[in-house]
Amino acid sequence: MSPTTAVHVRDLHKRYGPKRAVDGLELSVEHGEIFSVLGPNGAGKTTTVEILEGYRHRDRGEVSVLGTDPQRGDRRWRSRLGIVLQSADDQAELTVAELVRHFATFYPEPRDPEELVAAVGLTEKAGTRVRQLSGGQRRRLDVALGIVGRPELLFLDEPTTGFDPEARRSFWDLLRSLRDEGTTILLTTHYLDEAEQLADRCAVVRDGRVVALDTPAALGGRAARQVMVRWVE
Ligand code: ATP
């Protein structure tokens, strides 16, 4: 593993009873890239991300995230990660702006809350209580909360599900600007166009293993594209 590697996964396995959710998955993410894990429902994307975030234990395999095994990650390690959680219901009485400002207080060098609300397209909702947001708006808010602390490495699990086309495009712009600032991003998606538009490199997963890994352009030029399209449809 080179010093430029942010995430390294080798021969990762996770079963739920008889179901092999992750079955020998291998990938590595370089610092500063947007790396996409593309696959259909049930491919093992969420399970993999949860293992990388340290929320789920693996059965076997090697995993390193920012040089640390997630199963041994401490608070300091966790503070370097951007993890998107669903905002809790007891926070739902706050307004969007209040909740983002509240989260900003947890970090030494937070992003400007107002700019962040604008960047996720919620300026018009800044004064709205969180419980009154639509599902897509709430997801965007959750993403804002995940990046307010300027993480080195951001995990996004199907972040644009429920977004309208304009919100997706502006969200992609936000991720590109985060990448340009030096943030490493690992993003799962089942949208082929999202991987094509955003990713520097893309791993196509199916049945818990990587079946193709390359730049989207290179993948697009091969039979893998047809396979991906078929899965995604
Ligand atoms: P989706 O896009 O639908 O979220 P995914 O690629 O994220 O899918 P996972 O959620 O990791 O895939 O699920 C991989 C497989 O493991 C699926 O067959 C799923 O039904 C199964 N699975 C996931 N979580 C559990 C669980 N807690 N108990 C049992 N089976 C599970």
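Rule-based calculations on the coordinates, nothing more; no lab input. This one's a predicted model, so the numbers in the text were calculated from it and none came from an experiment. Positions of Cβ are backbone-derived with ideal geometry, glycine not excepted, and every protein chain shown enters the neighbour counts.
For the options LEU85, LEU66, LEU219, a Gaussian network treatment of the chain with springs between C-alpha atoms closer than 10 Å singles out LEU85 as fluctuating the most. Annotation: peptides 108-121, 177-190, ranked by per-residue average of other Cβ atoms within 10 Å with the highest first, follow the order 177-190, 108-121. Normalised by 2.2 N^0.38 Å, where N counts its residues, the alpha-carbon radius of gyration of the chain equals 1.00. Between segment 52-131 and segment 142-209, what is the C-alpha centre distance in whole Å? Between the Cα centre of segment 52-131 and that of segment 142-209, the gap is 14 Å.
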